[in-house]
Amino acid sequence: MDIFVKLIGVKVGPPKKINEAIWERKMIAIAEANYDSGYRIKLKFNTGEEGVVDLSDLIERYTIAHPLKNISEFQQFYLDEWPTLAWPCGFDVSPETLYERATGNCVAWQR
């Protein structure tokens, strides 16, 4: 039986090779993402935890993210198949990085 996470009207299940126990208990995924302001996005995770991330430092650091300096481009984020934040320019941020930035907590399997 597949596990599905409801994401802004889209149902996304775990990648095919991830078993349900890992998906439910250990893998971090974005359940919901909403634009906040500037380079900030409010996130809700599959753990139920929520937080806001400011990605301005990453946009400055990585050349692939430079198109996102334009706020209207930055606002075009979407949730990809993992699901995590991604942009049409090809830039994405791992769910674990977003989780740590938004909650201040380390992902359990990375301890």
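Restrict the check to region 82-105 and report whether at least one residue is over 14 Å from the mean Cα position of the chain (by Cα) and under 14 Å from Val53 (Cβ atoms). Scanning region 82-105, I find at least one residue that is over 14 Å from the mean Cα position of the chain (by Cα) and under 14 Å from Val53 (Cβ atoms), so the answer is yes.
What do you reckon, is Ile59 β-branched (Val, Ile, Thr), surrounded by 13 or more Cβ atoms within 10 Å (Cβ to Cβ) and outside any helix (DSSP H, G or I)? Considered against the rule, which asks whether it is β-branched (Val, Ile, Thr), surrounded by 13 or more Cβ atoms within 10 Å (Cβ to Cβ) and outside any helix (DSSP H, G or I), Ile59 comes out as no. For region 62-84, filtered to residues that are assigned to a helix (DSSP H, G or I) and polar (S, T, N, Q), the residue that is nearest to Met27 (Cα to Cα) is Thr63. Just one residue in the set Pro95, Pro88, Pro83 is open to solvent by less than 40 Å² (accessible area, probe 1.4 Å) and in contact with a helix residue (DSSP H, G or I) (Cβ under 9 Å, 6 or more places away or on another chain); that residue is Pro83. Could you grab the pairs with beta carbons closer than 8 Å, sequence gap of 6+ or different chains, first residue in region 85-103 and assigned to a helix (DSSP H, G or I), second one at pLDDT 95 or above and among the small types (Gly, Ala, Ser)? Pairs that qualify, where the first residue is assigned to a helix (DSSP H, G or I) and the partner is at pLDDT 95 or above and among the small types (Gly, Ala, Ser), are Arg101/Gly51; Ala102/Gly51; Thr103/Gly51.
Just name the residue that is nearest to Ile71 (Cα to Cα) out of those in region 32-46 that are surrounded by 16 or more Cβ atoms within 10 Å (Cβ to Cβ) and touching a residue at least 40 places away in the same chain (Cβ under 8 Å).
It comes out as Ile41.
The values are calculated or read from the model by the stated rules, or taken from the named source; none is laboratory data. All of these numbers come straight from a predicted model, not from anything done at the bench. A quick note on method: Cβ atoms are made from the backbone with ideal geometry, for glycine too, and the neighbour counts reach across all protein chains shown. Just so you know, the surface numbers come from the protein's heavy atoms only, side chains and all, with ligands and any DNA or RNA stripped out. Shrake-Rupley method; radii C 1.70, N 1.55, O 1.52, S 1.80 Å.
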